[in-house]
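The values are calculated or read from the model by the stated rules, or taken from the named source; none is laboratory data. These numbers were taken from a predicted model, which means no experiment stands behind them. Cβ: placed from backbone, ideal geometry, glycine included. Neighbour counts: every protein chain shown. Each accessible area value is taken on the protein alone, full model and side chains, heavy atoms only, with ligands, DNA and RNA left out. Shrake-Rupley method; radii C 1.70, N 1.55, O 1.52, S 1.80 Å.
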Amino acid sequence: MVQTVRHFFPQLNTWLERLPDTRDRDRRVYATRFLAWWGIALYLLQLGSRRQLDYDRREGGPQVLTNLNRLAETQQTTLPVHDTLDHFLGHVPLTGWERVREQMVQRLLRMKALDAARLLGRPVLLLDATGLICFHRRHCPQCLMQRHGQHTLYLHHVLEAKLLGPAGVVVSLGSEFIENADAADARGRSAEEVKQDCELKALHRLAPRIKKTYPQLPFVLALDSLYGVGPVFALTQDLGWSYVVTFQEGRTPSLWQEFRALRPECPENALTRTWGDGRGQRFRWVNQLAYEDSDGRCWKLNALECTETTADHERQYFAWLTPLPVRRKTVEALAQKGGRERWKVENEGFNRQKNSGLNLEHVYSTDPEKWKAYYVVRQLAFILVQLLERGSLLRRLAVEWGRPVWKLFGSLKNVARRLLDSVRFVPWEAAWFDARQAGKLRIGLDSS
Ligand SMILES: [Zn+2]
């Protein structure tokens, strides 16, 4: 883990130390980067809650302080008490954490660590929204309100943009919290009376921010059918980006009909693949479908479909729309990287964070600014976890032990367990921290 961090992010401690920390300088017991690591470790070690963090790290092992000091390059003499992290997060604005994430992403881009997952030379951004927390009574003025029969639920959602990497790695690149801004007039009014924020509006805030941070990158957005509408097509065009969006009959019925009508007329636009495991894929496509959106704008869109048959004759059907050229040479990449990989945001990005110790739905703080900070800290940890799990270093270790990774650790959850044991009981060797040595390592991201 130490070597993975040093290899990919040799500057991480500098970045963490530069977090805008508004704590009183004279009364600080802990260095900024030490507390930042303390927070990242909460998720890295997949501890269920802050209390468990205290238990496991304070009383849990003789090496915790020494190892964390080495990781953060600090000389702290005690471990923080329970409220220290929460207090610290109250003193570091969200933008500070977002800046660290940006530095991590920029570094991965410079290393070209994620380039193998590009689609027609363009980096793929997977977008999806998820619920973060839900209350039965109003928790803050920005809560989204949703009527369920007699009850109103108060929710907070987040729209995530994750950069697709090889080996199923997805790197959080931007988060936009979906919340009602005109809070003042929400008081005492019903869900129907308040103009609710939504995913589409959040995308229109998030995308220009990403463009500002990464002006050179010609992103392809991988989107679900909700986003298959004129305003999103216009937004991506304005930004010089592209998209692959799930094509669904109900979202754009006239376009769907046209696709079905024209498909038999271009029989040459077909490709069949048969795989060793008995799986078969049949691709078909129609280019240059005309579409007029609700604002009267005209678009030329290319549609592609993939019918997949498993060895036991189960069939699955997928279809997408894109302005990118669909050809015999590109159709598979478009379907795979632009279309099928999108589930990774759900599976890797969210379900995994929910179902594993990363505890997406566990609210570490009810202070909206703080839990947003916890959320972004979690994204930082999740980047590290994935680089560790999918990096070839772990695989090489497994080869040395003569076992596959999953057998070495049982499951990926156990990687965190082992890591925790290691933090607690194993005196970490100085050589592991040698940045020059770590720089020389070749860590590829394994796709097997
Ligand atoms: Zn709220």
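Computed with a 1.4 Å probe on the full set of protein chains, the accessible area for Ile443 sits at about 20 Å². Distance between the 7 Å Cα→Cβ label points at Trp432 and Glu332: 4.1 nm.
Taking the Cα centre of the range 56-127 as origin, sum charge times position over the Cβ atoms of Lys and Arg (+1) and Asp and Glu (-1), and report the length of that vector in debye to the nearest 20.
Numbers: 10 positive and 8 negative charges, 110 e Å.
Magnitude of the dipole: close to 520 debye.
Largest first, the residues Lys201, Lys300, Lys372 sort by 1.4 Å accessible area into Lys300, Lys201, Lys372. Rounded to the nearest 10 square angstrom, Asp224 shows an accessible area of 40 square angstrom against a 1.4 Å probe. When nucleic acids and ligands are ignored and a 1.4 Å probe is applied, Ser225 ends up with an accessible area of around 20 Å².
Between Cys198 and Arg263, the simple spin-label model (points 7 angstrom out along Cα→Cβ) gives 2.8 nm. A straight chain from Glu102 to Ala234 at 0.36 nm per residue would run longer than the Cα-Cα distance by 44.9 nm.
Entry note, the range 1-155: relative contact order of 21 percent, from Cα contacts under 8 Å with a spacing of 6+ residues.
Taking all protein chains together and a 1.4 Å probe, the residues Glu265, Glu199 rank Glu265, Glu199 from largest to smallest accessible area. The value of relative contact order for the range 249-313, using C-alpha pairs under 8 Å at least six residues apart, is 28 percent.
Largest to smallest in accessible area, the residues Cys306, Cys198, Cys266 fall in the order Cys198, Cys266, Cys306 (1.4 Å probe, all protein chains included). Pairs over the 32 Å Cα-Cα cut-off, from the set Lys212/Lys300; Lys329/Lys372; Lys162/Lys329; Lys201/Lys329; Lys211/Lys370: Lys329/Lys372; Lys201/Lys329. Label sites at Glu17 and His139, each approximated as a point 7 angstrom past Cα along Cα to Cβ, lie 3.6 nm apart.
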